[in-house]
């Protein structure tokens, strides 16, 4: 049998010293910036990129649906989750179209630049 002192000493060491896990794949609250890039090409030649045969202008929501990026919305129309990263009490997902903040119903022209940012609420 293992003496109780050894078990208590081991548990105390773990709890007092702490444990840390480093993961680059987990975009937590304190991690650095994570970039999400999506390239949309209307081409029959480039077979390595996602292609859309759609109208010239789409809403951001339609673009997400067609691209296969997983997302969940809250009741107020904002994103609750984008590509597995959940909005929290202190951070949320914002979309910028040509450096102007927009929502999921905004129409995106085919030459617009979209940028998703996971930002603090006080920004």
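Taken together, the values in this text are just the output of simple stated rules run on the coordinates, not laboratory data. This structure is a prediction, so every number in the text was calculated from the model and none was measured. Note that we place each Cβ from the backbone using ideal geometry, even for glycine, and neighbour counts take in every protein chain shown.
Take the residues in the range 66-103 that are over 21 Å from residue 122 (Cα atoms) and in contact with a strand residue (DSSP E or B) (Cβ under 9 Å, 6 or more places away or on another chain), then tell me which one is surrounded by the fewest Cβ atoms within 10 Å (Cβ to Cβ).
By that ranking, first place goes to 70.
Filter the range 104-116 down to the residues that are surrounded by 12 or more Cβ atoms within 10 Å (Cβ to Cβ) and over 14 Å from residue 71 (Cα atoms), then identify the one that is farthest from the chain's Cα centre (by Cα).
Among those residues, the one meeting the criterion is 110.
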